[in-house]
Amino acid sequence: MKSLKIVNVVGARPNFMKIAPIIDEMKKHDDIMPYLLHTGQHYDRVMSELFFDQLGLPKPDIYLGIGSGGHGEQTGRIMIEFEKCMHDLQPDMVLVVGDVNSTIACGLVATKLGIKLVHVEAGLRSFDRTMPEEINRVLTDQISDYLFTTEASAQQNLEREGISAEKVHFVGNVMIDSLLKHREKAGQSQVLTELGLQPNSYLLVTLHRPANVDDKEILTQLLDVLARLSELTTVVFPVHPRTRNRVKEFALDQKLQDYPALKLVDPVGYLDFLHIMANSQAVVTDSGGIQEETSVLGVPCITARDNTERPVTVDVGTNIIVGRDPERIFSEAQKILAGNGKKGLLPPLWDGRAAERIVAVLREQAQAA
Ligand code: UD1
Ligand code: UDP
């Protein structure tokens, strides 16, 4: 069998835990030559390098160093630099994950150069086109040759959008492959002691969606409700750089100092984060990936958004969608603290073997070609 040259793309924090098991699996096969390309969309040590160490990811073969910018600027700059690399490397396939700007930018370049495009985590839909991620998802799926899905809703969405069923493969969830692989090691983390937290006696919070943090009034309301919750239990909040910038810009940091049990900390590494999450009473979040991870860990998740592109986490898992109404967030958290958190089951095929299935499909197709 001919050797298959595959460029695997990462750019932002949630990409690292998705690509790590895929690279691991590709390395097991002599007929695959995996390359790792990092666009540099995220670049702070705590948003990027730390994950390479913790996930055992190899140093990227190519680093584009793009950094931050408006959507057009960031996407455009990734495309320009990525195209140059593709001319040099001439891969058989480009594999992208998730829904960030790096995903669509590299996907568009690959497909226009006639390189087969693989999308992992295809078909998720929030049906909310004000979210930049929704645009990235819909467009990436339209131009992909191989689409790997994590849940049944994705199959239905792709079918409705006219994507041929032959291209779509239900394989499970690579983010959960990483979680299951690293869970035990994460258990050795000392982060609870470092942050002064006791197991099962705090809420974990993450917020970074533009709809939640870029508007002063909405962010103020969300921080106010966290402050109120910190009077019931400790609240630990690793703050995403977008949010950190907004908190400063809107001069909200001062008032948070009046709430000692509301602990704003820097983003934490993957193993530490898994440990904090696994031992929390509940998680309040607007993250995509964290809705999935909490379901597998059996930790109740309160999603501060009006929708989710991951309905299986609600139908089967521990997730509830509460919107951004502060009263609703408060009352749902109160219920969970009183011991009435949702108990979930594991979604189908979230068994730690998604990467294995993906690579098997790619090798089979290459053989047939
Ligand atoms: C991006 C993704 C989002 C994903 C999130 C994961 C897009 C459109 N959005 O959002 O889907 O959920 O990553 O975390 O791709 N910044 C730093 N240091 C960094 C990275 C960012 O300071 O290492 C700051 C910059 O001021 C930047 C801002 O954060 O302008 C936003 O970064 P960006 O990558 O544009 O979007 P995210 O909000 O991180
Ligand atoms: N995460 C982390 N440290 C943090 C916050 C999140 O390691 O301080 C991990 C989390 O466990 C999950 C991923 O980052 O694996 C989710 O990324 P994020 O919320 O930034 O993006 P989204 O999933 O919303 O696109």
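The values are calculated or read from the model by the stated rules, or taken from the named source; none is laboratory data. Worth saying up front: this structure is predicted, and the values here are computed from it rather than measured. Here the Cβ is made from the backbone with ideal geometry for all residues, glycine too, and neighbour counts use every protein chain on show. Side chains included, ligands, DNA and RNA excluded: accessible areas come from the protein's heavy atoms. Shrake-Rupley method; radii C 1.70, N 1.55, O 1.52, S 1.80 Å.
Things worth noting here:
- For the range 316-346, the set of residues classified as open to solvent by less than 80 Å² (accessible area, probe 1.4 Å), part of a helix (DSSP H, G or I) and not aromatic (Phe, Trp, Tyr) consists of PRO326, ILE329, SER331, GLU332, ALA333, ILE336, LEU337, listed by residue number.
- Count of the range 182-209 residues which are surrounded by 15 or more Cβ atoms within 10 Å (Cβ to Cβ), out of contact with any helix residue (DSSP H, G or I) (no Cβ under 7 Å at 6 or more places or on another chain) and not aliphatic (A, V, I, L, M): 2
- Among the residues of the range 111-129, the ones that are away from ligand 2 (no atom under 16 Å from the Cβ) and farther than 19 Å from ILE358 by Cα come to 6 in all.
- Residue within the range 246-263 that is open to solvent by 20 Å² or more (accessible area, probe 1.4 Å), within 16 Å of ligand 2 (Cβ to nearest atom) and assigned to a helix (DSSP H, G or I) present: yes
One line per residue, one yes/no per condition, for (1) surrounded by fewer than 22 Cβ atoms within 10 Å (Cβ to Cβ); (2) free of Cβ contacts under 8 Å to residues at least 60 places away in the same chain; (3) away from ligand 1 (no atom under 16 Å from the Cβ); (4) not in a helix (DSSP H, G or I):
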residue	(1), (2), (3), (4)
LYS5	yes, no, yes, yes
PHE16	no, no, no, no
ILE22	no, no, yes, no
HIS29	yes, no, yes, yes
TYR35	yes, yes, yes, yes
VAL46	yes, no, no, no
LEU50	yes, no, no, no
LYS59	yes, yes, yes, yes
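- In the set (1) assigned to a helix (DSSP H, G or I); (2) more than 16 Å from ligand 1 (Cβ to nearest atom); (3) within 17 Å of the chain's Cα centre (by Cα), GLY172 fails one condition alone, (1).
Condition check ((1) within 16 Å of ligand 2 (Cβ to nearest atom); (2) in a helix (DSSP H, G or I); (3) surrounded by 14 or more Cβ atoms within 10 Å (Cβ to Cβ)) across all residues:
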residue: THR140; (1), (2), (3): yes, yes, yes
residue: SER153; (1), (2), (3): no, yes, yes
residue: GLU159; (1), (2), (3): no, yes, no
residue: ILE163; (1), (2), (3): no, no, yes
residue: ASP177; (1), (2), (3): yes, yes, yes
residue: LEU180; (1), (2), (3): yes, yes, yes
